[in-house]
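Heads up, the thing below is written out as structure tokens.
The values are calculated or read from the model by the stated rules, or taken from the named source; none is laboratory data. Treat the numbers as computed from the prediction; the structure is a model and nothing was measured. Ideal geometry is used to build each Cβ from the backbone, glycine not excepted, and the neighbour counts take in all protein chains shown. Quick note on the areas: whole protein, heavy atoms, side chains included, nothing else; ligands and nucleic acids left out. Shrake-Rupley method; radii C 1.70, N 1.55, O 1.52, S 1.80 Å.
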Amino acid sequence: MTARRDLRIGNNRFASRIPPEIGTLRQLVNLEAPSCTLQGPIPEEVGNLQSLKKLDLSGNQLQSPIPQSIVKLGNLTILVINNAEINGTIPPELGNCQKIKIVILSFNYLLGLSGTIPSELCSCKFLSVLDLENNLLTGSIEDTFQACKNLSQVVLVQNQLTGRLSSKIGDQVTLQRLILNNNRLEGRIPKEFGNLVSLTVLLLNQKLSGKIPAQLLTSLDLGYNRFTGSIPSNIGELKVLEYLVLAHNQLSGPHPIGITEGFQQPSIPDTSYLQHRGVLDLSMNRFSGNLPEQLGNCSVIVDLLLQNNSFTGEIPGSFFQLPYVISIDLSSNQLAGKIPTEVGKAQKLQGLMLAHNSLEGDIPWEIGSLKDLVKLNLYGNQLSGEIPASISKLKSLSDLDLSSNHLSGSIPSFTELINLVGLYLQQDRISDNISKLIMDSLM
């Protein structure tokens with residue numbers, strides 16, 4: 001047994017502790033034991049595995065700290081102990097593992113991997129991936145990464161990190177993903193972020209301010225910050241942009257035409273970040289002016305979220321020709337005119353929210369073509385005429401709100417709307433038989 005080089009025992013139900021005898025396998029190179037219901041503590045004898053290159057104990061119930069002896073593993077290149085209920089702090093001596101390239105200690109929030117991120121980690125000159133997502137880490141990261149030279153991915157989402165971002169991050173020219181969402185960082189985004197020529201994913205929804213950076217990004221999340229002014233014109237340089245969230249800021253001015261230069265060239269899917277594709281979210285700002293017709297060329301868009309701004313003019317019909325769009329929210333703006341008849345072309349649409357505008361005219365018959373539509377909210381407009389009978393074809397519909405308009409006439413039969421949960425028609429001019437409506441609802 002002492003000559004064994006690989007031990008791969010993942011996805012079993014051992015429900016026992018890691019035996020200290022593991023330390024006798026001195027020739028072991030790969031120890032992979034994810035999701036084995038293993039219990040802690042991790043024995044100090046792990047430090048005897050001088051040949052070990054990969055240690056994966058993810059998905060277990062270790063309920064113990066990382067042992068100090070792990071710093072003896074001079075050949076370790078991959079350390080993965082995510083979702084394993086480890087606690088305590090990250091040993092600064094981990095920096096002695098000079099060959100380490102990947103450190104993944106994410107999702108250990110139940111018991112809590114706490115304390116600060118030791119700057120000694122950056123003495124590992126080959127360190128490329130550092131993922132500490134969803135823990136209880138605290139303190140500043142302003143000086144943490146100054147010595148790092150080969151970082152490609154830093155994920156620190158959902159911790160309690162504070163302080164400012166260091167301009168030294170701009171020296172990480174190999175950095176591709178910087179994901180710091182849901183911490184307590186503040187201050188200005190350093191202008192040196194503009195030096196991150198390899199950066200494709202930047203997620204920073206914090207209390208940050210300053211200039212919005214623009215590089216070769218495919219994903220940019222700066223929501224829930226304190227940015228003011230207009231979106232910089234060089235946003236058009238992001239030709240491969242697939243995900244842009246600037247929601248809940250204080251941005252103003254017209255919708256930047258430059259954004260339409262992105263969302264047209266789908267990149268090779270990143271399986272780690274598939275959820276960060278096709279979202280354009282400029283909601284909860286102070287944008288004004290007309291919505292650009294050119295957005296209809298942004299074929300990558302899946303969710304178009306422009307609600308709670310001050311956009312005016314008519315809704316471009318091109319919005320409904322986006323081939324993959326599933327959600328359009330233009331509510332709480334100052335839009336006028338009619339709902340475009342092109343609405344029936346958005347065959348994948350599941351949510352259409354146009355509430356609190358000044359839309360007028362009839363609800364287009366073509367809306368009945370949206371077979372996948374789940375939510376339709378036209379509340380608080382000036383729509384008139386009868387409710388089109390084609391709505392009764394929307395068998396996926398669960399929520400229909402046509403309240404506070406000028407609709408009149410009778411209500412079409414909704415007996416085929418078997419998924420309808422919420423129907424809202426208050427403050428209209430409906431003149432139908434209430435008994436018929438109730439009976440339809442019961443069928």
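Miscellaneous remarks
- Within region 110-158, the set of residues being among the aromatic types (Phe, Trp, Tyr) and either buried (at least 18 other Cβ atoms within 10 Å of the Cβ) or assigned to a strand (DSSP E or B) (or both) comprises just one member, Phe145.
For (1) β-branched (Val, Ile, Thr); (2) modelled with pLDDT of 90 or more; (3) open to solvent by less than 20 Å² (accessible area, probe 1.4 Å); (4) under 22 Å from the mean Cα position of the chain (by Cα), each residue gets a yes or a no:
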position: Ile235; (1), (2), (3), (4): yes, no, yes, yes
position: Leu246; (1), (2), (3), (4): no, yes, yes, yes
position: Ile257; (1), (2), (3), (4): yes, no, no, no
position: Glu261; (1), (2), (3), (4): no, no, no, yes
position: Pro269; (1), (2), (3), (4): no, no, no, yes
position: Gly289; (1), (2), (3), (4): no, yes, no, no
position: Leu304; (1), (2), (3), (4): no, yes, yes, yes
position: Ser318; (1), (2), (3), (4): no, yes, yes, no
position: Gln321; (1), (2), (3), (4): no, yes, no, no
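- Hits in region 363-408 - residues which are over 20 Å from Thr341 (Cβ atoms) and in contact with a strand residue (DSSP E or B) (Cβ under 8 Å, 6 or more places away or on another chain): Val374, Lys375, Tyr379, Ser398, Asp399, Asp401, Ser403, Ser408
- Just one of the listed residues (Leu204, Leu161, Leu217, Leu156) is touching a residue at least 24 places away in the same chain (Cβ under 8 Å) and within 18 Å of Glu237 (Cβ to Cβ), namely Leu217.
- Test: residue in region 4-16 that is buried (at least 17 other Cβ atoms within 10 Å of the Cβ) and either hydroxyl-bearing (Ser, Thr, Tyr) or assigned to a loop (DSSP other than H, G, I, E, B) (or both): no
- Members of region 35-75 that are crowded, with 20+ Cβ neighbours inside 10 Å, assigned to a loop (DSSP other than H, G, I, E, B) and over 34 Å from the mean Cα position of the chain (by Cα): Leu49, Leu52, Leu73
- Test: residue in region 401-411 that is over 35 Å from the mean Cα position of the chain (by Cα), at pLDDT below 95, hydroxyl-bearing (Ser, Thr, Tyr) and over 30 Å from Met284 (Cα atoms): yes
- Boolean, Gly88 is surrounded by fewer than 17 Cβ atoms within 10 Å (Cβ to Cβ), under 20 Å from Asn135 (Cβ atoms) and either modelled with pLDDT of 90 or more or of a type in the set (Lys, Arg) (or both): yes
- Checked against the criterion of being within 25 Å of Gln264 (Cβ to Cβ) and either part of a strand (DSSP E or B) or touching a Lys or Arg at 6+ places or on another chain (Cβ under 9 Å) (or both), the candidates Leu161, Leu178 yield just one match: Leu178.
- Test: residue in region 129-140 that is among the charged types (D, E, K, R) and closer than 18 Å to Ile78 by Cβ: yes
- Scope region 365-380; condition open to solvent by 10 Å² or more (accessible area, probe 1.4 Å) and either closer than 23 Å to Thr312 by Cβ or aliphatic (A, V, I, L, M) (or both); matching residues: Val374, Asn377, Tyr379, Gly380
- Matching residues in region 340-351 - criterion: being closer than 22 Å to Ser408 by Cβ and open to solvent by less than 10 Å² (accessible area, probe 1.4 Å): Val343
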